[in-house]
Amino acid sequence: MSERKLIRCGKLYTGLQDAFLNDMYILVENDRIAAIADRPMTEDAQFIDLSDAQVTPGMIDAHMHMDYFDWRKIREEVYTTSEEMKTLAVLRCAEKALRRGFTSVRHMGAINAHGYGVIDVKRAIDSGHFRGARIKAAALSLCSPGSHGDASQSYAQNPEVASLLQKLKPVLGSGKDFFTDAVRREVKYGSDFIKIMATGGFFTPNDTPLQKQLNDEELKAIIDTAHELGTTVTAHVYAPAMMQTMLEMGIDGMEHGSLMDEETARMFESSGTYLVPTFCPYDEAVHYDPEKLKDKQPEFRAKLELYKDRLIEGRKVICGSRIRLGYGTDFVANHQNYDSGWEYDAWMRSGMEPFRILKAATKTNAEILGIDSFTGTIEAGKKADISAWKRDLLTDPKALLDCAFVMKDGEVFETEISEDINN
């Protein structure tokens, strides 16, 4: 027997145009959207009144690290918690993200885990054993010794310990043959795409965001092998020169790009390659706030101070460009991983037009995750992934922290508001 729900929308953003439609109705049958109209389509359905809300497709976070419980203790969790505990952290993150209106998420390689628990959580949610946001995942990030992906950096003063810890990560190595094999194993074990650490970063202690950490031969082996296997590659990267190299190699997308320059932005635009810029982790530098910077880990704070001017300029270039942008958070040092609405605040305060943000977090992100055939927009025939917000998405930077309604696959879930919304 068909289960039908009729949703009345005060304002409706479908993801198909940069506008809200007034006084619309969505008819849901089982897990699918059956129809959208400007009048009720049936009386034989459960009625859901969202006439006082702005209704959108279910939001999507395209850059999450789900395998930790508390960002304030994230480095402790790397080696003091079991793989099983890290898998439970992934499940908790998926559950809490869904309650905040994010019906799909993309796990961008483990921060703490050394195994494939995220793939198990993904499959358990897809099978209906647990409730949570739909997951697309790169279980582990391919990286080189001493790189941004090498958690044993923190133990580099004790080479014996660092060497032992380095061996825990099976995708950490050197050479084109090693990385060719690593790509094949990641696909074998269920990763949906390949994530690489192309440059250093801000969060790790012993590298810089301009440091090249995979050579051209290694990069080409990764990208070519992934494409031969029918999967995609994205890269953690900051340096414009490295971005240009990977664009020329045909990489599918990139993450961060915070030191963007005009020349590189034009190359992104002409190629159509996506960028997930993750603004929020660098906000204390871009919108300079020395008091909030004190909350960062010492090495993160020092690098944000050092690169402050370049981060400000890079943000301006990204916002003024026509780069195909996705919405992602990368919360490891300032918010909990499931509090994805904070990125909306960062984009709005950077002058980004609200409908561009909404498109990034829905339609474009669905394309990036490879799920646009069934979600990301509100259209007849697509999955009933629907969220609603009572704050004004066009004027309130914190609107996406205050979810009023969420439905995934036609099922309504309890919502949660960010604990830090008033900070």
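What follows is calculated from the coordinates using simple rules that are stated; it is not laboratory data. Everything numeric here is computed off the predicted structure, so don't read it as measured data. Cβ: placed from backbone, ideal geometry, glycine included. Neighbour counts: every protein chain shown.
Some observations on this one:
- Residues in the range 256-261 carry Karplus couplings, in order, of 6, x, 5, 9, 3, 10 Hz; the curve used is 6.51 cos²θ - 1.76 cosθ + 1.60 with θ = phi - 60°, and Gly or Pro positions show x.
- Amide H to amide H distances under 5 Å link ARG4 with ASN30, GLN46, where only residues 5 or more positions off or on other chains count and H is placed in the peptide plane.
- Were the residues from LEU247 through VAL161 laid out at 0.36 nm apart, the gain over their Cα-Cα distance would be 27.2 nm.
- GNM flexibility winner over the chain from ASP330, ASP289, ASP67 (Cα, springs under 10 Å): ASP289
- The angle separating the long axis of helix 83-99 from the principal Cα axis of greatest extent in the chain is about 30 degrees.
- The overall shape of the chain, judged from the alpha-carbon gyration tensor, is prolate: a/c is not under 1.5, and a/b is greater than b/c.
- Ordering LYS316, LYS73 by the number of other Cβ atoms within 10 Å of each residue's own Cβ, fewest first, gives LYS73, LYS316.
- ARG134 long-range amide H proximity, modeled H, under 5 Å: SER104, VAL105
- The range 29-37 - phi-based ³J(HN,Hα) in whole Hz, Karplus 6.51/-1.76/1.60, Gly and Pro as x: 10, 6, 9, 10, 7, 8, 6, 10, 8
- Comparing ILE60, ALA137, GLN336 along the charge dipole axis of the chain, the residue lying farthest to the positive side is ALA137, per the Cβ-charge model.
- Inter-label distance for ASP181 and ARG356, nm, one decimal - labels placed 7 Å from Cα along Cα-to-Cβ: 4.5
- Over 20 Å (Cα to Cα) - which of LYS122/LYS176; LYS96/LYS122; LYS195/LYS398 fall in this group: LYS122/LYS176; LYS195/LYS398
- Springs between Cα atoms under 10 Å define the GNM used for the chain, and in it the highest mean-square fluctuation of SER270, SER152, SER340 occurs at SER270.
- Distance from the Cα centroid of the range 320-367 to that of the range 383-423 is 15 Å (rounded to whole angstrom).
- Residues whose amide H lies under 5 Å from that of ALA404, counting only those 5 or more places away or on a different chain, are ALA388, TRP389, LYS390; hydrogens are built 1.01 Å from N in the peptide plane.
- A simple rule links phi to the HN-Hα coupling: the Karplus curve 6.51 cos²θ - 1.76 cosθ + 1.60 with θ = phi - 60°, which for the range 9-18 gives 10, x, 9, 10, 9, 8, x, 9, 8, 7 Hz, with x for Gly and Pro.
- Each DSSP beta bridge with both residues in the range 59-369 is either parallel or antiparallel, and the antiparallel ones are about 5%.
- Highest-MSF residue in the chain out of TYR25, TYR288, TYR327 [GNM, Cα springs under 10 Å]: TYR288
- As a proxy for reagent exposure, MET242, MET348 were ordered by neighbouring Cβ count within 10 angstrom, fewest first; the result is MET348, MET242.
- A crude spin-label estimate for the pair GLU217 and ALA380, with each label 7 Å from Cα along the Cβ direction, gives 5.8 nm.
- Descending semi-axes in whole angstrom, ellipsoid equivalent of the range 249-374, from the Cα gyration tensor: 24, 17, 13
- Model label sites at ARG123 and SER2, defined 7 Å from Cα along the beta-carbon direction, differ in position by 3.5 nm.
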